C-alpha cells in the first residue's frame with residue numbers, strides 16, 4: 001500500500017500530457033499489487049493464493065516497466 005501512495009505522489013510531477021495516460025496506468029498497476037495480495041490471502045486455497053500472488057508479481061513487473069518508461073519522458 002505504501003508503494004501505491006508513493007506512486008501517486010510521484011505521478012503528480014509527471015508532465016500534463018501524461019496525467020491521464022501513463023499516470024493512470026502506473027497508479028492502477030501499483031494499486032493492483034496490494035489488491036491481489038489481499039485477495040489471495042483471505043479465505044483462499046493454496047493454489048488460489050498462488051494465483052493471486054502471481055498476479056501481484058505481474059503488476060510489480062508492470063510498475064517497474066512504467067517507472068523505466070517515465071524516466072525517459074520526465
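The values are calculated or read from the model by the stated rules, or taken from the named source; none is laboratory data. The structure presented is a predicted model; accordingly, all values stated were derived computationally and were not measured. A quick note on method: Cβ atoms are made from the backbone with ideal geometry, for glycine too, and the neighbour counts reach across all protein chains shown.
Selection of segment 42-74 for residues being modelled with pLDDT under 90, part of a helix (DSSP H, G or I) and over 13 Å from residue 7 (Cα atoms) yields 69, 71, 72, 73. Of all residue pairs spaced 6 or more apart or on separate chains, none has beta-carbon atoms under 7 Å together with a first member in segment 56-74 that is on the phi > 0 side of the Ramachandran plot and a second member that is assigned to a helix (DSSP H, G or I) and surrounded by 14 or more Cβ atoms within 10 Å (Cβ to Cβ). Just one of the numbered conditions (1) surrounded by 12 or more Cβ atoms within 10 Å (Cβ to Cβ); (2) closer than 19 Å to residue 72 by Cα; (3) more than 12 Å from the chain's Cα centre (by Cα); (4) without any contact (Cβ under 8 Å) to a residue 60 or more places away in the chain is not true of residue 40: (2).
Consider segment 9-29 and keep the residues that are in a helix (DSSP H, G or I) and touching a helix residue (DSSP H, G or I) at 6+ places or on another chain (Cβ under 7 Å). The one that is farthest from residue 73 (Cα to Cα) is 29.
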